[in-house]
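The values are calculated or read from the model by the stated rules, or taken from the named source; none is laboratory data. Note that the structure is predicted; figures quoted are calculated from it, not measured. A quick note on method: Cβ atoms are made from the backbone with ideal geometry, for glycine too, and the neighbour counts reach across all protein chains shown. For accessibility, only protein heavy atoms count, side chains too; no ligands or nucleic acids. Shrake-Rupley method; radii C 1.70, N 1.55, O 1.52, S 1.80 Å.
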Amino acid sequence: MSRRALALFIALGIIWGTPYLFIRIAVEHVEPAVLVGLRVAIAAAILLPIAAARGQLLPALRHWRWVAAFALLEITIAFLTLGYAEQRLTSSLTALIIAMVPLVAAVLARILGLDPSLRGIRVAGLAVGLAGVAVLVGLDVEGAQFWGVGAALITVLGYASAPMIVSTKLQDVPSLGVIAWALTFNAVIYTPAVWLLWPSGPVPAIAWSSIVILGLIPTALAFVLLFALIGEVGPARTTVITFINPAVAVVLGVVVLAEPVTWGLLIGFPLVLAGSFLATRPDRNRAAAIEDAPHP
């Protein structure tokens, strides 16, 4: 891995571990729909002109149906339910539930016939990962918090399924154009919700700052860095970031928000990450071919 790729990898791993902290702060003062609407509007205002300057908007617009489907799963639903979850759960617990994305993606790929090789060690990985989630929920969740867990699981489903639309229907479409239109699409459809649910009382500066940071860094900047990293190391190796983000989120939750270090976190976190790693690793007979394959 080159120095540039390593720098991009570290930066993106840290950046995508921060949204849980800022979402947790913001949803204490504004409705999740308001947070999502403002976040995507800020990111769209930045990425739309960049995509236009690179000539990536028109090619993506030609595939507007699949771009809209991607936007619906990746942002419209997933961002909203994530905010709803963080109104009821700690940022640390939410991040660890979202760490299930590789597990769910592996199952969906098998169901949809995109990856028929889910067997052996990968099935064992699914079992380990699900055991980790069971430990997290069993030890750390009670009462009304289960609604937050359900919302987080909807986010997991969206994050796991949306990339499959990109890989099967939008693989030849400029990625920056896709995400720019997806963000713009959501900025438009969330406008009525922002208007209707705008807070009636004063909102502290820390909440507004969190919303702005969410739009600028974990959304707009992160997508630019993601495309750069994919260009350096390829999409397969880029997914390793998934195993870094939750750790960053947990550290921030404990240090900044004083969230408790629970037994569910200490036991479930390693199990979820280990399970995700095993469930998404290639079969032995395909490993050499994958490692030797050229990366875009």
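Going through Leu48, Leu21, Leu114, Leu93 one at a time, which residue ends up being part of a loop (DSSP other than H, G, I, E, B) and touching a residue at least 24 places away in the same chain (Cβ under 8 Å)?
On the way: Leu48 fails: part of a loop (DSSP other than H, G, I, E, B); Leu21 fails: part of a loop (DSSP other than H, G, I, E, B); Leu93 fails: part of a loop (DSSP other than H, G, I, E, B).
Among Leu48, Leu21, Leu114, Leu93, only Leu114 is part of a loop (DSSP other than H, G, I, E, B) and touching a residue at least 24 places away in the same chain (Cβ under 8 Å).
Listed residues Thr168, Thr155, Thr191; which is in contact with a Leu (Cβ under 6 Å, 6 or more places away or on another chain), closer than 30 Å to Ile50 by Cα and β-branched (Val, Ile, Thr)? Spell out how you get there, then give the answer.
Working: Thr168 fails: in contact with a Leu (Cβ under 6 Å, 6 or more places away or on another chain); Thr191 fails: in contact with a Leu (Cβ under 6 Å, 6 or more places away or on another chain).
Checking each option against the conditions leaves just Thr155.
Filter region 104-121 down to the residues that are over 26 Å from Asn186 (Cβ atoms) and surrounded by 22 or more Cβ atoms within 10 Å (Cβ to Cβ) and list them by number. Spell out how you get there, then give the answer.
Within region 104-121, the first condition is being over 26 Å from Asn186 (Cβ atoms), and the residues that meet it are 106-107, 110-111, 113, 115-121.
Correct list: Ala106 only.
Scan region 187-212 for residues that are closer than 14 Å to Ala41 by Cβ and either part of a helix (DSSP H, G or I) or aliphatic (A, V, I, L, M) (or both) and jot them down. Let's see the steps before the verdict.
Pass one, region 187-212, residues closer than 14 Å to Ala41 by Cβ: 187-195, 198, 208, 211-212.
Ala187, Val188, Ile189, Tyr190, Thr191, Pro192, Ala193, Val194, Trp195, Trp208, Ile211, Val212, listed by residue number.
Scan (1) out of contact with any Gly (no Cβ under 6 Å at 6 or more places or on another chain); (2) within 24 Å of Gly215 (Cα to Cα) for the single condition Tyr190 breaks and write down its number.
(1)
Just one of the numbered conditions (1) open to solvent by less than 30 Å² (accessible area, probe 1.4 Å); (2) in a helix (DSSP H, G or I); (3) over 23 Å from Val104 (Cα atoms) is not true of Ile179; which one?
(3)
Taking region 34-92, which residues are of a type in the set (Ser, Thr, Tyr) and either closer than 23 Å to Trp198 by Cβ or surrounded by fewer than 22 Cβ atoms within 10 Å (Cβ to Cβ) (or both)? Walk me through how you get there before you give the answer.
First, the residues of region 34-92 that are of a type in the set (Ser, Thr, Tyr): 76, 81, 84, 90-92.
Thr76, Thr81, Tyr84 - these are the residues of region 34-92 that are of a type in the set (Ser, Thr, Tyr) and either closer than 23 Å to Trp198 by Cβ or surrounded by fewer than 22 Cβ atoms within 10 Å (Cβ to Cβ) (or both).
For residues that are farther than 20 Å from Leu73 by Cα and at pLDDT 80 or above, tally how many sit in region 142-162.
Of the residues in region 142-162, the ones farther than 20 Å from Leu73 by Cα are 142-146.
Still in the running and at pLDDT 80 or above: 145-146.
Here the count works out to 2.
Would you pick out the residues in region 1-18 that are open to solvent by 20 Å² or more (accessible area, probe 1.4 Å), assigned to a helix (DSSP H, G or I), in contact with a helix residue (DSSP H, G or I) (Cβ under 8 Å, 6 or more places away or on another chain) and not aliphatic (A, V, I, L, M)?
Arg4, Phe9 - these are the residues of region 1-18 that are open to solvent by 20 Å² or more (accessible area, probe 1.4 Å), assigned to a helix (DSSP H, G or I), in contact with a helix residue (DSSP H, G or I) (Cβ under 8 Å, 6 or more places away or on another chain) and not aliphatic (A, V, I, L, M).
So Ser167 ticks every box in (1) surrounded by fewer than 16 Cβ atoms within 10 Å (Cβ to Cβ); (2) among the small types (Gly, Ala, Ser); (3) at pLDDT 90 or above; (4) assigned to a helix (DSSP H, G or I) but one. Which box is left unticked?
For Ser167, the failing item is (3).
In region 127-161, what residues are among the small types (Gly, Ala, Ser) and either surrounded by fewer than 20 Cβ atoms within 10 Å (Cβ to Cβ) or touching a Ser or Thr at 6+ places or on another chain (Cβ under 6 Å) (or both)?
Looking only at region 127-161, we keep the residues that are among the small types (Gly, Ala, Ser), and these are 127, 129, 131-132, 134, 138, 143-144, 148, 150-152, 158, 160-161.
The answer is Ala127, Gly129, Ala131, Ala134, Gly138, Gly143, Ala144, Gly150, Ala151, Ala152.
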